[in-house]
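Reviewing the structure listed below.
The values are calculated or read from the model by the stated rules, or taken from the named source; none is laboratory data. Keep in mind that what you see is a predicted model, and the values were worked out from it rather than measured. Cβ placement follows ideal geometry from the backbone for every residue including glycine, while neighbour counts extend to all protein chains displayed.
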Amino acid sequence: MSLFPRSSGVLLHPTSLPGPYGIGDLGEYAYRFVNWLADAGQSIWQILPLGPTSYGDSPYQTLSAFAGNPNLISLDKLVEAGWLRYEALQDVPAFPRERVDFGWIIGWHNEKLTLAYQGFLEHADDKARQAFANWCADNAYWLDDFALFVALKNAHNGSPWVEWERDLALYKAKAIAAARAQYAGEINEQKFRQWVFYGQWLELKYYANRHGVRFFGDIPIFVAHDSADVWANQGDYYLDEKGHPIVIAGVPPDYFSPTGQRWGNPLYRWDVLKKKNYSWWVSRFKAILSLVDYIRVDHFRGFDAYWEIPASEETAVNGRWVDGPKHDLFHVLARELGELPIIAEDLGVITPTVEALRDDFGLPGMKVLQFAWSDPTNAFLPHNHPINAVVYTGTHDNNTTVGWWISETNDQTKQFLNEYVARPVHEINWELIRLAFASSAHTAIVPLQDLLGLGSLARMNTPGKESGNWTWRFGAHDLTEEIKHRLAYLTWLYQRKPEQQLKKYGDIALQDA
(Lines give C-alpha, C1' and ligand atoms only; values in the text may rest on other atoms or scores of the structure.)
Protein backbone atom coordinates (compact mmCIF):
# COMPACT_ATOMS: atom_id res chain seq x y z
CA MET A 1 0.00 0.00 0.00
CA SER A 2 1.25 3.51 -0.82
CA LEU A 3 2.46 5.63 2.07
CA PHE A 4 0.03 8.28 0.81
CA PRO A 5 -3.05 6.64 -0.71
CA ARG A 6 -5.62 8.91 -2.35
CA SER A 7 -7.60 10.27 0.59
CA SER A 8 -9.00 13.33 2.31
CA GLY A 9 -9.51 14.78 5.75
CA VAL A 10 -10.14 17.75 8.01
CA LEU A 11 -7.85 20.21 9.77
CA LEU A 12 -8.93 20.85 13.36
CA HIS A 13 -6.81 21.41 16.44
CA PRO A 14 -8.19 19.58 19.52
CA THR A 15 -8.47 22.83 21.48
CA SER A 16 -11.28 23.77 19.04
CA LEU A 17 -13.47 20.82 20.01
CA PRO A 18 -16.67 21.47 22.01
CA GLY A 19 -16.93 20.58 25.66
CA PRO A 20 -17.90 22.05 29.03
CA TYR A 21 -14.45 22.86 30.44
CA GLY A 22 -13.44 25.92 28.41
CA ILE A 23 -11.19 24.14 25.91
CA GLY A 24 -11.43 21.11 23.65
CA ASP A 25 -9.92 17.98 25.14
CA LEU A 26 -9.32 14.28 24.55
CA GLY A 27 -12.65 13.17 25.93
CA GLU A 28 -16.12 12.55 24.54
CA TYR A 29 -16.14 15.11 21.73
CA ALA A 30 -12.80 13.95 20.34
CA TYR A 31 -14.27 10.48 19.89
CA ARG A 32 -17.46 11.94 18.43
CA PHE A 33 -15.36 13.83 15.91
CA VAL A 34 -13.55 10.64 14.89
CA ASN A 35 -16.93 8.97 14.35
CA TRP A 36 -18.11 11.92 12.26
CA LEU A 37 -14.98 11.82 10.13
CA ALA A 38 -15.33 8.10 9.55
CA ASP A 39 -19.02 8.42 8.66
CA ALA A 40 -18.15 11.16 6.17
CA GLY A 41 -15.53 8.95 4.53
CA GLN A 42 -12.58 10.96 5.80
CA SER A 43 -9.25 9.27 6.42
CA ILE A 44 -7.27 12.09 8.04
CA TRP A 45 -7.51 14.31 11.10
CA GLN A 46 -4.86 17.01 10.82
CA ILE A 47 -3.83 18.85 13.97
CA LEU A 48 -1.41 21.59 15.02
CA PRO A 49 1.56 20.91 17.34
CA LEU A 50 0.49 19.25 20.59
CA GLY A 51 3.03 20.82 22.95
CA PRO A 52 2.35 22.83 26.13
CA THR A 53 1.77 26.46 25.19
CA SER A 54 3.00 29.49 27.07
CA TYR A 55 2.91 33.26 26.52
CA GLY A 56 0.85 34.00 23.42
CA ASP A 57 -0.81 30.56 23.51
CA SER A 58 0.75 29.54 20.18
CA PRO A 59 1.17 25.80 19.57
CA TYR A 60 4.21 26.80 17.48
CA GLN A 61 6.01 28.29 20.52
CA THR A 62 5.86 25.59 23.18
CA LEU A 63 7.71 24.78 26.38
CA SER A 64 8.91 21.47 24.93
CA ALA A 65 9.27 19.75 21.57
CA PHE A 66 8.36 16.43 23.24
CA ALA A 67 5.75 17.15 25.93
CA GLY A 68 2.01 17.26 25.44
CA ASN A 69 -0.33 20.09 26.39
CA PRO A 70 -1.86 19.14 29.77
CA ASN A 71 -4.83 21.42 29.05
CA LEU A 72 -5.94 18.81 26.51
CA ILE A 73 -6.27 16.16 29.20
CA SER A 74 -9.87 14.98 29.57
CA LEU A 75 -10.97 15.68 33.13
CA ASP A 76 -13.92 13.33 32.70
CA LYS A 77 -11.52 10.49 31.96
CA LEU A 78 -9.69 11.25 35.18
CA VAL A 79 -12.99 10.84 36.99
CA GLU A 80 -13.50 7.51 35.21
CA ALA A 81 -10.03 6.42 36.33
CA GLY A 82 -11.01 7.10 39.94
CA TRP A 83 -8.33 9.75 40.51
CA LEU A 84 -10.58 12.81 40.36
CA ARG A 85 -13.84 13.08 42.28
CA TYR A 86 -16.97 13.85 40.29
CA GLU A 87 -17.76 16.62 42.77
CA ALA A 88 -14.52 18.40 41.84
CA LEU A 89 -15.98 19.24 38.43
CA GLN A 90 -19.15 20.84 39.72
CA ASP A 91 -17.66 24.32 40.00
CA VAL A 92 -17.08 24.83 36.27
CA PRO A 93 -17.01 28.57 35.58
CA ALA A 94 -19.12 30.04 32.79
CA PHE A 95 -16.33 29.61 30.23
CA PRO A 96 -17.15 30.96 26.76
CA ARG A 97 -18.20 28.13 24.44
CA GLU A 98 -17.21 29.73 21.13
CA ARG A 99 -13.59 30.49 22.01
CA VAL A 100 -10.81 29.47 24.41
CA ASP A 101 -10.05 32.03 27.11
CA PHE A 102 -6.61 30.63 27.93
CA GLY A 103 -5.93 32.99 30.82
CA TRP A 104 -9.13 31.86 32.53
CA ILE A 105 -9.10 28.15 31.88
CA ILE A 106 -5.45 27.29 32.60
CA GLY A 107 -5.58 28.04 36.32
CA TRP A 108 -8.83 26.13 36.78
CA HIS A 109 -7.55 23.15 34.78
CA ASN A 110 -4.27 23.07 36.69
CA GLU A 111 -6.19 22.97 39.97
CA LYS A 112 -8.12 19.90 38.78
CA LEU A 113 -4.98 18.19 37.47
CA THR A 114 -3.33 18.66 40.86
CA LEU A 115 -6.36 17.10 42.54
CA ALA A 116 -6.13 14.19 40.10
CA TYR A 117 -2.45 13.70 40.94
CA GLN A 118 -3.29 13.62 44.64
CA GLY A 119 -6.04 11.12 43.89
CA PHE A 120 -3.57 8.98 41.95
CA LEU A 121 -1.15 8.95 44.88
CA GLU A 122 -3.95 7.93 47.24
CA HIS A 123 -5.93 5.46 45.14
CA ALA A 124 -3.87 4.08 42.25
CA ASP A 125 -3.34 0.34 42.29
CA ASP A 126 0.04 -1.34 41.88
CA LYS A 127 -0.51 -1.91 38.15
CA ALA A 128 -1.09 1.79 37.50
CA ARG A 129 1.86 2.82 39.65
CA GLN A 130 4.15 0.43 37.81
CA ALA A 131 2.87 1.61 34.43
CA PHE A 132 3.62 5.20 35.45
CA ALA A 133 7.12 4.31 36.64
CA ASN A 134 7.87 2.35 33.47
CA TRP A 135 6.68 5.19 31.23
CA CYS A 136 8.79 7.72 33.14
CA ALA A 137 11.86 5.51 32.72
CA ASP A 138 11.24 5.05 29.00
CA ASN A 139 10.87 8.81 28.44
CA ALA A 140 13.48 10.05 30.89
CA TYR A 141 15.65 11.39 28.04
CA TRP A 142 13.28 14.37 27.68
CA LEU A 143 10.87 14.04 30.59
CA ASP A 144 13.33 14.59 33.45
CA ASP A 145 14.49 17.96 32.13
CA PHE A 146 11.02 19.07 31.09
CA ALA A 147 9.43 18.29 34.47
CA LEU A 148 12.24 20.12 36.29
CA PHE A 149 11.96 23.04 33.86
CA VAL A 150 8.23 23.45 34.57
CA ALA A 151 8.77 23.15 38.32
CA LEU A 152 11.46 25.84 38.22
CA LYS A 153 9.39 28.05 35.95
CA ASN A 154 6.49 27.83 38.40
CA ALA A 155 8.84 28.62 41.29
CA HIS A 156 9.97 31.74 39.42
CA ASN A 157 6.42 32.96 38.70
CA GLY A 158 6.64 31.98 35.05
CA SER A 159 9.79 33.99 34.32
CA PRO A 160 11.93 32.95 31.33
CA TRP A 161 14.83 30.72 32.32
CA VAL A 162 17.44 33.37 31.49
CA GLU A 163 16.07 35.38 34.46
CA TRP A 164 16.60 32.59 37.01
CA GLU A 165 19.60 32.37 39.34
CA ARG A 166 22.72 32.13 37.21
CA ASP A 167 23.67 28.52 37.99
CA LEU A 168 20.11 27.30 37.38
CA ALA A 169 19.80 29.35 34.22
CA LEU A 170 23.05 27.96 32.85
CA TYR A 171 22.15 24.38 33.84
CA LYS A 172 25.09 23.89 36.21
CA ALA A 173 25.24 20.32 37.51
CA LYS A 174 25.36 21.13 41.24
CA ALA A 175 22.44 23.57 41.05
CA ILE A 176 20.41 21.17 38.91
CA ALA A 177 20.93 18.27 41.32
CA ALA A 178 19.85 20.44 44.26
CA ALA A 179 16.75 21.60 42.36
CA ARG A 180 15.76 18.03 41.50
CA ALA A 181 15.79 17.23 45.22
CA GLN A 182 14.06 20.45 46.30
CA TYR A 183 11.20 20.17 43.79
CA ALA A 184 10.87 16.38 43.69
CA GLY A 185 7.14 16.43 44.46
CA GLU A 186 6.19 18.91 41.75
CA ILE A 187 8.53 17.22 39.30
CA ASN A 188 6.67 13.97 39.83
CA GLU A 189 3.33 15.74 39.35
CA GLN A 190 4.49 17.17 36.02
CA LYS A 191 5.57 13.69 34.94
CA PHE A 192 2.14 12.38 35.95
CA ARG A 193 0.44 14.95 33.73
CA GLN A 194 2.57 13.91 30.77
CA TRP A 195 1.88 10.23 31.40
CA VAL A 196 -1.85 10.94 31.47
CA PHE A 197 -1.66 13.06 28.31
CA TYR A 198 0.26 10.42 26.37
CA GLY A 199 -2.06 7.68 27.61
CA GLN A 200 -5.23 9.54 26.66
CA TRP A 201 -3.81 10.58 23.29
CA LEU A 202 -2.72 7.04 22.40
CA GLU A 203 -6.18 5.73 23.33
CA LEU A 204 -7.69 8.27 20.94
CA LYS A 205 -5.18 7.42 18.21
CA TYR A 206 -5.90 3.71 18.55
CA TYR A 207 -9.63 4.41 18.28
CA ALA A 208 -9.14 6.67 15.26
CA ASN A 209 -6.85 4.23 13.45
CA ARG A 210 -9.33 1.41 14.11
CA HIS A 211 -11.98 3.55 12.41
CA GLY A 212 -9.78 4.26 9.40
CA VAL A 213 -8.68 7.75 10.48
CA ARG A 214 -5.00 8.68 10.53
CA PHE A 215 -3.44 11.66 12.31
CA PHE A 216 -1.38 14.32 10.53
CA GLY A 217 0.80 15.94 13.18
CA ASP A 218 2.93 19.07 12.93
CA ILE A 219 6.55 19.92 13.82
CA PRO A 220 7.77 23.52 13.86
CA ILE A 221 11.35 23.57 12.56
CA PHE A 222 12.48 25.93 15.33
CA VAL A 223 11.84 25.69 19.08
CA ALA A 224 11.02 28.44 21.54
CA HIS A 225 13.91 30.02 23.41
CA ASP A 226 11.97 29.71 26.67
CA SER A 227 11.74 25.95 26.45
CA ALA A 228 13.20 22.92 28.17
CA ASP A 229 14.86 21.97 24.88
CA VAL A 230 17.04 25.09 24.75
CA TRP A 231 17.58 25.41 28.50
CA ALA A 232 18.87 21.83 28.89
CA ASN A 233 20.89 21.81 25.64
CA GLN A 234 22.36 25.30 25.44
CA GLY A 235 25.43 24.19 23.52
CA ASP A 236 23.23 23.20 20.57
CA TYR A 237 22.14 26.82 19.95
CA TYR A 238 23.79 30.17 19.23
CA LEU A 239 23.57 31.72 22.70
CA ASP A 240 25.76 34.15 24.64
CA GLU A 241 27.37 33.48 28.01
CA LYS A 242 24.08 34.35 29.80
CA GLY A 243 21.88 32.18 27.59
CA HIS A 244 20.45 34.92 25.38
CA PRO A 245 20.29 34.26 21.64
CA ILE A 246 23.03 35.80 19.51
CA VAL A 247 21.12 35.28 16.29
CA ILE A 248 17.45 34.43 15.76
CA ALA A 249 15.10 33.04 13.14
CA GLY A 250 12.68 34.80 10.83
CA VAL A 251 12.01 35.51 7.18
CA PRO A 252 13.19 38.45 5.08
CA PRO A 253 11.05 41.32 3.78
CA ASP A 254 8.60 40.44 1.01
CA TYR A 255 5.48 41.74 -0.70
CA PHE A 256 3.37 41.09 2.40
CA SER A 257 5.78 42.48 5.02
CA PRO A 258 8.27 45.25 4.18
CA THR A 259 10.23 44.55 7.38
CA GLY A 260 10.02 40.75 7.19
CA GLN A 261 9.10 38.58 10.15
CA ARG A 262 11.27 38.49 13.28
CA TRP A 263 10.25 35.24 14.94
CA GLY A 264 12.83 35.34 17.72
CA ASN A 265 13.56 31.61 17.93
CA PRO A 266 17.19 30.68 18.65
CA LEU A 267 19.07 29.06 15.77
CA TYR A 268 20.62 25.61 15.84
CA ARG A 269 24.34 25.05 15.73
CA TRP A 270 24.00 22.49 12.97
CA ASP A 271 27.70 21.64 13.12
CA VAL A 272 27.30 20.58 16.75
CA LEU A 273 24.14 18.58 16.02
CA LYS A 274 25.88 16.82 13.13
CA LYS A 275 28.69 15.66 15.42
CA LYS A 276 25.98 14.06 17.59
CA ASN A 277 24.57 12.38 14.46
CA TYR A 278 21.44 14.55 14.82
CA SER A 279 20.33 12.42 17.77
CA TRP A 280 18.01 15.15 19.14
CA TRP A 281 16.19 15.37 15.79
CA VAL A 282 15.91 11.59 15.51
CA SER A 283 14.46 11.43 19.04
CA ARG A 284 12.08 14.26 18.23
CA PHE A 285 10.72 12.58 15.12
CA LYS A 286 10.39 9.23 16.88
CA ALA A 287 8.50 10.83 19.77
CA ILE A 288 6.05 12.61 17.47
CA LEU A 289 5.57 9.50 15.34
CA SER A 290 4.53 7.63 18.47
CA LEU A 291 1.57 10.02 18.62
CA VAL A 292 0.68 10.57 14.95
CA ASP A 293 0.85 8.74 11.63
CA TYR A 294 2.31 11.55 9.50
CA ILE A 295 4.18 14.77 10.23
CA ARG A 296 3.87 18.12 8.50
CA VAL A 297 7.20 19.93 8.90
CA ASP A 298 6.61 23.66 9.24
CA HIS A 299 9.03 26.00 7.41
CA PHE A 300 10.66 23.10 5.58
CA ARG A 301 12.79 25.48 3.52
CA GLY A 302 14.82 26.25 6.67
CA PHE A 303 16.50 22.86 6.38
CA ASP A 304 18.01 24.02 3.09
CA ALA A 305 18.75 27.62 4.10
CA TYR A 306 17.37 29.85 6.84
CA TRP A 307 17.24 33.62 7.43
CA GLU A 308 19.62 34.54 10.25
CA ILE A 309 18.91 37.82 12.04
CA PRO A 310 21.21 39.39 14.67
CA ALA A 311 19.26 39.29 17.94
CA SER A 312 19.95 42.99 18.42
CA GLU A 313 17.88 43.87 15.33
CA GLU A 314 14.29 44.99 15.88
CA THR A 315 13.12 43.82 12.44
CA ALA A 316 14.07 41.07 10.01
CA VAL A 317 15.47 43.47 7.39
CA ASN A 318 19.14 43.06 8.26
CA GLY A 319 19.69 39.35 8.00
CA ARG A 320 21.40 36.81 5.77
CA TRP A 321 20.75 33.40 4.29
CA VAL A 322 22.71 30.60 5.98
CA ASP A 323 22.91 26.98 4.83
CA GLY A 324 20.96 24.42 6.87
CA PRO A 325 21.80 20.70 7.13
CA LYS A 326 20.26 20.01 3.71
CA HIS A 327 20.27 16.34 2.67
CA ASP A 328 22.54 15.28 5.51
CA LEU A 329 19.83 15.37 8.19
CA PHE A 330 17.26 13.56 6.05
CA HIS A 331 19.67 10.78 5.17
CA VAL A 332 20.04 10.15 8.92
CA LEU A 333 16.26 10.33 9.46
CA ALA A 334 15.64 7.91 6.58
CA ARG A 335 18.19 5.49 7.99
CA GLU A 336 16.64 5.65 11.47
CA LEU A 337 12.95 5.86 10.53
CA GLY A 338 12.73 4.12 7.15
CA GLU A 339 10.26 5.58 4.68
CA LEU A 340 9.61 9.17 5.79
CA PRO A 341 5.93 9.95 6.53
CA ILE A 342 6.64 13.67 6.18
CA ILE A 343 4.76 16.48 4.45
CA ALA A 344 6.95 19.46 3.57
CA GLU A 345 5.45 22.87 4.24
CA ASP A 346 6.95 24.47 1.15
CA LEU A 347 4.91 27.68 0.92
CA GLY A 348 6.38 31.09 0.21
CA VAL A 349 9.43 31.76 -1.95
CA ILE A 350 10.88 28.32 -2.65
CA THR A 351 14.21 27.88 -4.43
CA PRO A 352 15.26 24.99 -6.72
CA THR A 353 17.49 23.63 -3.96
CA VAL A 354 14.53 23.47 -1.56
CA GLU A 355 12.51 21.65 -4.23
CA ALA A 356 15.38 19.22 -4.73
CA LEU A 357 15.60 18.51 -0.99
CA ARG A 358 11.86 17.81 -0.93
CA ASP A 359 11.79 15.72 -4.11
CA ASP A 360 14.96 13.72 -3.49
CA PHE A 361 13.29 12.20 -0.44
CA GLY A 362 9.89 11.86 -2.10
CA LEU A 363 8.17 14.25 0.29
CA PRO A 364 4.83 15.74 -0.76
CA GLY A 365 4.56 19.52 -0.72
CA MET A 366 1.53 21.73 -0.13
CA LYS A 367 -0.88 23.38 -2.56
CA VAL A 368 -3.23 26.04 -1.13
CA LEU A 369 -6.19 26.95 -3.32
CA GLN A 370 -6.58 30.44 -1.87
CA PHE A 371 -3.23 31.25 -3.49
CA ALA A 372 -4.23 30.00 -6.95
CA TRP A 373 -6.19 32.71 -8.72
CA SER A 374 -3.74 34.79 -10.73
CA ASP A 375 -3.37 33.11 -14.12
CA PRO A 376 -3.55 29.62 -15.68
CA THR A 377 0.13 28.90 -15.00
CA ASN A 378 -0.25 29.32 -11.22
CA ALA A 379 1.19 26.21 -9.56
CA PHE A 380 -1.60 26.21 -6.96
CA LEU A 381 -4.36 25.70 -9.57
CA PRO A 382 -5.75 22.15 -9.53
CA HIS A 383 -4.76 21.34 -13.12
CA ASN A 384 -1.11 22.03 -12.18
CA HIS A 385 -1.00 19.88 -9.05
CA PRO A 386 1.39 16.92 -9.00
CA ILE A 387 0.15 13.66 -7.55
CA ASN A 388 2.66 13.80 -4.71
CA ALA A 389 1.11 16.77 -2.93
CA VAL A 390 -1.38 17.73 -0.23
CA VAL A 391 -3.99 20.25 -1.38
CA TYR A 392 -5.74 22.59 1.04
CA THR A 393 -8.55 25.09 0.63
CA GLY A 394 -6.63 27.13 3.22
CA THR A 395 -4.43 26.53 6.27
CA HIS A 396 -4.49 27.58 9.91
CA ASP A 397 -2.58 30.74 8.91
CA ASN A 398 -5.08 31.73 6.22
CA ASN A 399 -8.37 33.48 6.56
CA THR A 400 -11.32 31.14 6.28
CA THR A 401 -12.34 30.64 2.67
CA VAL A 402 -15.54 32.66 3.15
CA GLY A 403 -13.59 35.41 4.91
CA TRP A 404 -10.98 35.39 2.14
CA TRP A 405 -13.65 35.61 -0.57
CA ILE A 406 -15.39 38.53 1.10
CA SER A 407 -12.43 40.64 2.22
CA GLU A 408 -9.26 39.51 0.43
CA THR A 409 -10.25 39.05 -3.22
CA ASN A 410 -10.90 41.61 -5.94
CA ASP A 411 -13.21 41.53 -8.96
CA GLN A 412 -10.47 40.11 -11.18
CA THR A 413 -9.87 37.19 -8.83
CA LYS A 414 -13.58 36.50 -8.57
CA GLN A 415 -14.01 36.61 -12.35
CA PHE A 416 -11.10 34.23 -12.92
CA LEU A 417 -12.51 31.76 -10.41
CA ASN A 418 -15.98 31.99 -11.98
CA GLU A 419 -14.46 31.22 -15.37
CA TYR A 420 -12.42 28.36 -13.94
CA VAL A 421 -15.49 26.57 -12.57
CA ALA A 422 -17.61 27.70 -15.58
CA ARG A 423 -20.43 29.16 -13.46
CA PRO A 424 -21.05 31.95 -10.97
CA VAL A 425 -19.80 31.01 -7.54
CA HIS A 426 -22.48 30.96 -4.84
CA GLU A 427 -20.86 28.90 -2.08
CA ILE A 428 -17.15 29.67 -2.30
CA ASN A 429 -16.25 27.26 0.49
CA TRP A 430 -17.87 24.29 -1.26
CA GLU A 431 -16.41 25.35 -4.61
CA LEU A 432 -12.90 25.18 -3.21
CA ILE A 433 -13.66 21.94 -1.36
CA ARG A 434 -14.84 20.40 -4.63
CA LEU A 435 -11.74 21.63 -6.47
CA ALA A 436 -9.49 20.27 -3.72
CA PHE A 437 -11.15 16.87 -3.83
CA ALA A 438 -11.04 16.79 -7.65
CA SER A 439 -7.31 17.59 -7.66
CA SER A 440 -4.84 14.92 -8.75
CA ALA A 441 -2.95 15.54 -5.47
CA HIS A 442 -3.12 12.34 -3.43
CA THR A 443 -4.35 14.10 -0.26
CA ALA A 444 -6.95 16.83 0.23
CA ILE A 445 -7.42 18.64 3.55
CA VAL A 446 -10.17 21.10 4.50
CA PRO A 447 -10.16 23.25 7.66
CA LEU A 448 -13.36 22.61 9.58
CA GLN A 449 -14.21 26.31 9.36
CA ASP A 450 -14.54 25.90 5.59
CA LEU A 451 -16.85 22.91 5.93
CA LEU A 452 -19.00 25.02 8.24
CA GLY A 453 -18.92 28.01 5.87
CA LEU A 454 -17.68 30.40 8.56
CA GLY A 455 -16.30 33.89 8.06
CA SER A 456 -13.25 35.73 9.35
CA LEU A 457 -14.31 35.63 13.01
CA ALA A 458 -13.58 31.88 12.95
CA ARG A 459 -10.01 32.35 11.74
CA MET A 460 -7.51 30.32 13.79
CA ASN A 461 -4.43 32.49 13.37
CA THR A 462 -3.44 35.80 11.83
CA PRO A 463 0.38 35.87 11.43
CA GLY A 464 1.86 38.98 12.98
CA LYS A 465 -1.12 39.53 15.27
CA GLU A 466 0.13 39.39 18.86
CA SER A 467 -3.06 38.35 20.67
CA GLY A 468 -6.44 36.76 20.05
CA ASN A 469 -5.18 33.84 17.98
CA TRP A 470 -5.73 30.09 18.48
CA THR A 471 -9.02 30.59 20.35
CA TRP A 472 -11.72 29.43 17.90
CA ARG A 473 -14.06 26.58 18.89
CA PHE A 474 -17.06 25.05 17.16
CA GLY A 475 -20.35 24.06 18.76
CA ALA A 476 -21.57 20.59 19.60
CA HIS A 477 -24.37 20.79 17.02
CA ASP A 478 -22.47 22.46 14.18
CA LEU A 479 -21.56 19.22 12.39
CA THR A 480 -24.88 18.58 10.69
CA GLU A 481 -26.01 15.58 8.71
CA GLU A 482 -26.22 17.73 5.58
CA ILE A 483 -22.54 18.70 5.82
CA LYS A 484 -21.58 15.09 6.41
CA HIS A 485 -23.58 13.93 3.39
CA ARG A 486 -22.13 16.59 1.07
CA LEU A 487 -18.59 15.80 2.16
CA ALA A 488 -19.13 12.06 1.82
CA TYR A 489 -20.52 12.47 -1.66
CA LEU A 490 -17.54 14.49 -2.88
CA THR A 491 -15.26 11.94 -1.27
CA TRP A 492 -16.91 9.18 -3.29
CA LEU A 493 -17.26 11.24 -6.47
CA TYR A 494 -13.55 12.02 -6.64
CA GLN A 495 -12.57 8.58 -5.36
CA ARG A 496 -10.83 9.63 -2.17
CA LYS A 497 -12.69 6.76 -0.54
CA PRO A 498 -14.69 4.83 -3.09
CA GLU A 499 -17.22 3.00 -0.91
CA GLN A 500 -20.77 2.97 -2.34
CA GLN A 501 -22.10 3.94 1.10
CA LEU A 502 -20.61 7.39 0.58
CA LYS A 503 -22.49 7.81 -2.69
CA LYS A 504 -25.69 7.10 -0.81
CA TYR A 505 -24.91 9.95 1.58
CA GLY A 506 -24.42 12.26 -1.39
CA ASP A 507 -27.69 11.20 -2.97
CA ILE A 508 -29.44 12.12 0.28
CA ALA A 509 -27.74 15.52 0.31
CA LEU A 510 -28.77 16.20 -3.29
CA GLN A 511 -32.37 15.30 -2.48
CA ASP A 512 -32.29 17.67 0.50
CA ALA A 513 -30.80 20.52 -1.52
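From the list P463, P447, exactly one residue is of a type outside the set (D, E, K, R) and modelled with pLDDT under 95. Which is it?
Going through P463, P447 in turn, the sole match is P463.
Would it be correct to say that P96 is closer than 30 Å to D226 by Cβ, surrounded by fewer than 23 Cβ atoms within 10 Å (Cβ to Cβ) and not hydroxyl-bearing (S, T, Y)? Yes: the conditions hold for P96. Would a scan of the stretch 488-508 turn up a residue that is in a loop (DSSP other than H, G, I, E, B) and touching a His at 6+ places or on another chain (Cβ under 6 Å)? No; the residues of the stretch 488-508 include none that is in a loop (DSSP other than H, G, I, E, B) and touching a His at 6+ places or on another chain (Cβ under 6 Å).
Of all the helices (runs of 4 or more DSSP H) wholly in the stretch 45-139, which have at least 3 residues that are free of Cβ contacts under 8 Å to residues at least 24 places away in the same chain and of a type in the set (D, E, K, R)?
Numbers: elements: 75-81, 102-123, 126-138.
Helices (runs of 4 or more DSSP H) meeting the threshold: 126-138.
Under 9 Å between Cβ atoms, at least 6 apart or on separate chains: pull out the pairs that start in the stretch 341-366 with a residue that is at negative phi and buried (at least 16 other Cβ atoms within 10 Å of the Cβ) and end on any residue that is hydroxyl-bearing (S, T, Y) and part of a loop (DSSP other than H, G, I, E, B). Note: pairs meeting the criteria are E345/T395; L347/T395; M366/T395.
Quick one: which residue in S74, S8 is touching a strand residue (DSSP E or B) at 6+ places or on another chain (Cβ under 9 Å), surrounded by 21 or more Cβ atoms within 10 Å (Cβ to Cβ) and farther than 29 Å from P266 by Cα?
On the way: S74 fails: touching a strand residue (DSSP E or B) at 6+ places or on another chain (Cβ under 9 Å).
Every option except S8 fails the conditions.
For L63, the requirement of being touching a strand residue (DSSP E or B) at 6+ places or on another chain (Cβ under 8 Å), at pLDDT 95 or above, among the aliphatic types (A, V, I, L, M) and more than 18 Å from K205 (Cα to Cα) is met. Each residue in the stretch 469-479 was checked for being in a loop (DSSP other than H, G, I, E, B) and within 18 Å of N429 (Cβ to Cβ), and 4 of them qualify.
Mind checking whether some residue in the stretch 174-185 is closer than 26 Å to D25 by Cα and not small (G, A, S)? For the stretch 174-185, residues closer than 26 Å to D25 by Cα and not small (G, A, S): absent. From the list V223, V297, V230, which one is closer than 26 Å to V391 by Cα, of a type in the set (V, I, T), buried (at least 18 other Cβ atoms within 10 Å of the Cβ) and touching a helix residue (DSSP H, G or I) at 6+ places or on another chain (Cβ under 9 Å)? Testing whether each residue is closer than 26 Å to V391 by Cα, of a type in the set (V, I, T), buried (at least 18 other Cβ atoms within 10 Å of the Cβ) and touching a helix residue (DSSP H, G or I) at 6+ places or on another chain (Cβ under 9 Å) leaves just V297.
Yes or no, residue by residue, for (1) touching a residue at least 24 places away in the same chain (Cβ under 8 Å); (2) within 20 Å of D298 (Cα to Cα):
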{"site": "N388", "(1), (2)": "yes, yes"}
{"site": "T413", "(1), (2)": "yes, no"}
{"site": "Y420", "(1), (2)": "yes, no"}
{"site": "P424", "(1), (2)": "no, no"}
{"site": "I428", "(1), (2)": "yes, no"}
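Here is the figure for the stretch 135-158: residues that are within 25 Å of the chain's Cα centre (by Cα) and loosely packed, with under 12 Cβ neighbours inside 10 Å total 2. Applying the set (1) under 24 Å from the mean Cα position of the chain (by Cα); (2) of a type outside the set (F, W, Y); (3) in a helix (DSSP H, G or I); (4) farther than 26 Å from D254 by Cβ to E482 leaves exactly one unmet item: (1). Taken across the stretch 166-185, residues that are crowded, with 18+ Cβ neighbours inside 10 Å, outside any loop (DSSP other than H, G, I, E, B) and not aliphatic (A, V, I, L, M) do not occur at all. Say whether the condition of being within 26 Å of the chain's Cα centre (by Cα), of a type outside the set (S, T, N, Q) and crowded, with 21+ Cβ neighbours inside 10 Å is met by at least one residue in the stretch 373-384. Checked against the condition, which is being within 26 Å of the chain's Cα centre (by Cα), of a type outside the set (S, T, N, Q) and crowded, with 21+ Cβ neighbours inside 10 Å, the stretch 373-384 yields no hits at all. For the residues F132, F120, F192, the requirement of being more than 28 Å from the chain's Cα centre (by Cα), surrounded by 18 or more Cβ atoms within 10 Å (Cβ to Cβ) and within 23 Å of G27 (Cα to Cα) singles out F120. Cβ-Cβ distances below 7 Å connect the following pairs, each with a first residue in the stretch 283-302 that is aromatic (F, W, Y), a second residue that is assigned to a helix (DSSP H, G or I) and surrounded by 20 or more Cβ atoms within 10 Å (Cβ to Cβ), and a separation of six or more residues or different chains: F300/R358.
Restricting to the stretch 390-420, name every residue that is more than 18 Å from the chain's Cα centre (by Cα) and β-branched (V, I, T).
Keep residues of the stretch 390-420 that are more than 18 Å from the chain's Cα centre (by Cα), which gives 401-420.
Those that are more than 18 Å from the chain's Cα centre (by Cα) and β-branched (V, I, T): T401, V402, I406, T409, T413.
Taken over the stretch 463-475, the residue count meeting the criterion of being more than 20 Å from D25 (Cβ to Cβ) and touching a residue at least 40 places away in the same chain (Cβ under 8 Å) is 4.
The C-beta contact set for the stretch 437-449 (first residue assigned to a loop (DSSP other than H, G, I, E, B), second residue surrounded by fewer than 22 Cβ atoms within 10 Å (Cβ to Cβ) and among the acidic types (D, E), distance under 6 angstrom, 6+ apart or interchain) is empty. For the stretch 38-48, the candidate set comprises residues that are of a type outside the set (V, I, T) and in contact with a Phe, Trp or Tyr (Cβ under 6 Å, 6 or more places away or on another chain); within that set, the residue that is nearest to L493 (Cα to Cα) is W45. The set of residues in the stretch 15-28 that are in a helix (DSSP H, G or I) and buried (at least 22 other Cβ atoms within 10 Å of the Cβ) comprises T15, S16.
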